[in-house]
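The values are calculated or read from the model by the stated rules, or taken from the named source; none is laboratory data. For clarity, every value in this text was computed on a predicted model and none was experimentally measured. For neighbour counting, all protein chains shown are included, and Cβ atoms are generated from backbone atoms with ideal geometry for every residue, glycine included.
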């Protein structure tokens, strides 16, 4: 399993890199444009493009964070490996749900 | 530290805190006379000869070739015969303990069995492809694979890297830098008949993907090897194996 | 005798002696920043989820959050993100392009420092 997780971690990182750059670019645009929440949402809501973009973003981020945290818990906590795996799987599902909800909130 | 050794005053001594006992032992202090040219092994030997003959420790060549005298000195795993007291002493104090990450037998002596078990588990042994009736293999010394193997082959199993590695400390079932370094040397040996077997052995859950690149192994290796580089080589190779649909994938999940 | 490498030089850090080297510092920064981001992420998702109630809910949250503490938080976030991405870049350079560890560390460290400064300006965090 470690090999699969290693690959997933690296692949999700490669996906995240350009997405994060775009996201930061957006933030810079929004901050310098002095956009309010309403103005931002006005542009993102109803957009399939942004929905897709952020859905991919959420999935990659949850995979990456989940695997990373699994390593942290396995190495730095006293929990047995099995417990760590189950805990991180459940936590990742919860995070994924919160993430998709956020995507819905911003792009629906 | 300056290249010129400071003169040692007449009658100067140091406080050597030496681990005594097993896992539940403690540090005991010995007052040891300092000398101009003195290694930590000299200190340990002096204690055993003049103060406490029950002190247990390992050494063999005492000239930096065999790796038997590896111990933890002021927190770092090193060869005590190659560690000059002036380079590590903190004030007047030296703290000498057994190697980390291995069970303590007594005092400064550790059980190397888990280290060698991992060595075997990583398949870092030669798998013959021919026999003596065949011609010798013509290996180009400058080929990339041979250079990679040669860079890793000088390991003498002293376990300093194993003692330095935090991943071994946190997860004792991890194969560890020495075993993986040897596996890398073996897998690059074109005479070895079973590179896939080696890759399978190092791609399991206790294998090379546990390494997070902190490189304590390379930082401490007394021979100047780079186990971290070897482990990265194995990681790279495991990806190619995966993409090539190799049997190395089986049981790796 | 092995040559002394820059990475072997003892750093005056509150770390165990065997950990006082460049590679461990890089690992620790990468891990701490990763944990920080992983803690931040659910908070971020939940905050954005406020928009479900409408733009005003989100806006009122953003207004409340427009203070010094928030700026400190933003700065921390930018720092954590840059450190983590650069740490990841270092690992990729070491693992896949077998760069020398000194080159990988200093390239990513300096690139990271540059990015942090640039982002502080670009996002108007304190500057």
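Residues checked against (1) within 14 Å of the chain's Cα centre (by Cα); (2) within 27 Å of residue B:184 (Cβ to Cβ):
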residue: B:72; (1), (2): yes, yes
residue: B:79; (1), (2): yes, yes
residue: B:85; (1), (2): no, no
residue: B:103; (1), (2): no, yes
residue: B:123; (1), (2): no, yes
residue: B:131; (1), (2): no, yes
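The set of residues in segment C:65-108 being surrounded by fewer than 14 Cβ atoms within 10 Å (Cβ to Cβ), in a helix (DSSP H, G or I) and within 12 Å of another protein chain (Cβ to nearest Cβ) consists of C:96, C:102. Restricting segment B:185-196 to residues that are more than 14 Å from every other protein chain (Cβ to nearest Cβ) and in a loop (DSSP other than H, G, I, E, B), the residue that is surrounded by the fewest Cβ atoms within 10 Å (Cβ to Cβ) is B:193. The set of residues from segment A:2-58 being in contact (Cβ under 8 Å) with a residue 40 or more places away in the chain and closer than 29 Å to residue B:234 by Cα comprises A:5, A:8, A:9, A:12, A:13, A:15, A:16.
For (1) touching a helix residue (DSSP H, G or I) at 6+ places or on another chain (Cβ under 7 Å); (2) within 30 Å of residue B:95 (Cβ to Cβ); (3) modelled with pLDDT of 90 or more, each residue gets a yes or a no:
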position: C:28; (1), (2), (3): no, yes, yes
position: C:47; (1), (2), (3): yes, no, no
position: C:63; (1), (2), (3): no, no, no
position: C:71; (1), (2), (3): no, no, no
position: C:81; (1), (2), (3): yes, no, yes
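Within segment C:59-77, residues that are without any contact (Cβ under 8 Å) to a residue 12 or more places away in the chain sit with their Cβ atoms under 6 Å from residues that are in a helix (DSSP H, G or I) and surrounded by 10 or more Cβ atoms within 10 Å (Cβ to Cβ), at 6+ positions apart or across chains, in these pairs: C:59/A:37; C:62/A:37. Taking segment B:150-179 as the range and being surrounded by 21 or more Cβ atoms within 10 Å (Cβ to Cβ) and farther than 26 Å from residue C:15 by Cα as the test, the residues that pass are B:152, B:155, B:179.
If the condition is being at pLDDT 95 or above, more than 11 Å from residue B:94 (Cβ to Cβ) and outside any strand (DSSP E or B), then segment B:28-41 contributes only B:41.
Just one of (1) farther than 29 Å from residue B:78 by Cα; (2) not in a loop (DSSP other than H, G, I, E, B) fails for residue B:147. It is (1).
For residue B:155, indicate whether it is under 30 Å from residue B:204 (Cβ atoms) and part of a loop (DSSP other than H, G, I, E, B). It is true that residue B:155 is under 30 Å from residue B:204 (Cβ atoms) and part of a loop (DSSP other than H, G, I, E, B). For segment B:30-53, the count of residues that are touching a residue at least 24 places away in the same chain (Cβ under 8 Å) and loosely packed, with under 13 Cβ neighbours inside 10 Å is nonzero.
Would segment B:197-208 turn up any residue that is within 12 Å of chain C (Cβ to nearest Cβ) and buried (at least 24 other Cβ atoms within 10 Å of the Cβ)?
Our first condition is that a residue be within 12 Å of chain C (Cβ to nearest Cβ); within segment B:197-208, this holds for B:208.
If we keep only those that are buried (at least 24 other Cβ atoms within 10 Å of the Cβ) too, we end up with B:208.
Among the residues of segment B:197-208, at least one is within 12 Å of chain C (Cβ to nearest Cβ) and buried (at least 24 other Cβ atoms within 10 Å of the Cβ), which makes the answer yes.
Taking the conditions exactly as written (within 13 Å of chain A (Cβ to nearest Cβ), closer than 27 Å to residue A:99 by Cβ, more than 18 Å from the chain's Cα centre (by Cα) and in a helix (DSSP H, G or I)), does residue C:48 satisfy them or not? The answer is yes for residue C:48.
Restricting to segment B:209-227, what's the tally of residues that are at positive phi and surrounded by fewer than 24 Cβ atoms within 10 Å (Cβ to Cβ)?
So the count comes out to 2.
For segment B:158-183, what are the residues that are in a helix (DSSP H, G or I) and farther than 20 Å from residue B:69 by Cβ?
Quick first cut of segment B:158-183, residues in a helix (DSSP H, G or I) only: B:160-164, B:166-170, B:177-183.
Within segment B:158-183, B:166, B:167, B:168, B:169, B:170, B:179, B:180, B:181, B:182, B:183 meet the criteria.
Does at least one position in segment B:103-116 carry a residue that is modelled with pLDDT of 95 or more, under 30 Å from residue B:206 (Cβ atoms), surrounded by 14 or more Cβ atoms within 10 Å (Cβ to Cβ) and touching a helix residue (DSSP H, G or I) at 6+ places or on another chain (Cβ under 6 Å)? The answer is yes; a qualifying residue exists.
Report yes if residue B:230 is touching a helix residue (DSSP H, G or I) at 6+ places or on another chain (Cβ under 7 Å), at the interface with chain C (Cβ under 9 Å from one of its Cβ atoms) and surrounded by 24 or more Cβ atoms within 10 Å (Cβ to Cβ), otherwise no. So residue B:230 does not fit the description; no. Number of residues in segment B:69-87 that are part of a loop (DSSP other than H, G, I, E, B) and surrounded by fewer than 20 Cβ atoms within 10 Å (Cβ to Cβ): the value is 2. In segment C:109-127, the residue that is surrounded by the most Cβ atoms within 10 Å (Cβ to Cβ) out of those that are away from every other protein chain (no Cβ under 11 Å), more than 22 Å from residue C:39 (Cα to Cα) and touching a helix residue (DSSP H, G or I) at 6+ places or on another chain (Cβ under 8 Å) is C:109.
Yes or no, residue by residue, for (1) out of contact with any strand residue (DSSP E or B) (no Cβ under 7 Å at 6 or more places or on another chain); (2) touching a residue at least 60 places away in the same chain (Cβ under 8 Å); (3) under 19 Å from residue B:183 (Cβ atoms):
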residue	(1), (2), (3)
B:136	yes, no, no
B:141	yes, no, no
B:153	yes, no, yes
B:159	no, yes, yes
B:162	yes, yes, yes
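Would you mind stating whether residue A:46 is more than 10 Å from every other protein chain (Cβ to nearest Cβ) and at positive phi? Write out each step before concluding.
Details: more than 10 Å from every other protein chain (Cβ to nearest Cβ): yes; at positive phi: yes.
The answer is yes for residue A:46.
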